[in-house]
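Since the structure comes first, as structure tokens, the remarks are kept for the end.
Read-outs throughout are calculated quantities, based only on the coordinates presented, and are distinct from any laboratory measurement. Keep in mind the model is a prediction, meaning the values are calculated, not measured. Methodologically, a virtual Cβ is constructed for each residue, glycine included, from the backbone with ideal geometry; neighbour enumeration extends over all protein chains shown.
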């Protein structure tokens with residue numbers, strides 16, 4: 001089995017992937033998925049994606065009945081962490097129920113600029129605890145997700161902050177950096 005080349009090699013979390021002949025905005029995806037000798041009248045096509053939460057997406061038959069269109073919503077790709085996602089395309093015969101593996105590959109996922117990682121949320125909680133350290137030198141705080149952290153000294157908090165800063169840097173290093181320049185003129 002090989003990669004049929006219909007799905008992109010790279011995607012940013014939060015982007016929609018739409019593989020269809022009707023897609024006129026993205027030339028590289030402007031064709032329907034055709035897997036000879038299988039046709040939508042007698043077969044279904046489903047793509048499975050591995051991620052933190054695995055998901056399956058069923059392709060829709062095209063209007064001519066000669067292939068399928070596939071739409072992976074922005075809501076799904078937003079849940080994909082930065083890294084590599086494996087996918088598998090499989091066709092099921094509607095009559096016999098037999099399943100045929102027809103497509104396999106990987107998609108490199110860039111972190112979404114909209115997502116906030118658990119490490120970033122934990123870093124914010126640690127920094128808040130550092131700011132409150134003067135009033136509560138032997139205390140605790142809760143990291144988003146429910147983990148309760150008890151600290152005994154400022155060194156404990158600084159060590160945690162260093163750890164979470166390095167994890168956030170690892171996650172955000174995959175993001176494309178953008179510079180927005182603007183110019184204002186007085187009239």
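The table that follows gives values for the structure above.
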| read-out | value |
| --- | --- |
| Rounded if a/c under 1.5, otherwise prolate or oblate - segment 10-110, Cα gyration tensor axes | oblate |
| Residues of segment 42-73 with amide N under 16 Å of the 7 Å Cα→Cβ point at residue 118 | 51-54 |
| Ranked 110, 94, criterion: other C-beta atoms within 10 Å, fewest first | 94, 110 |
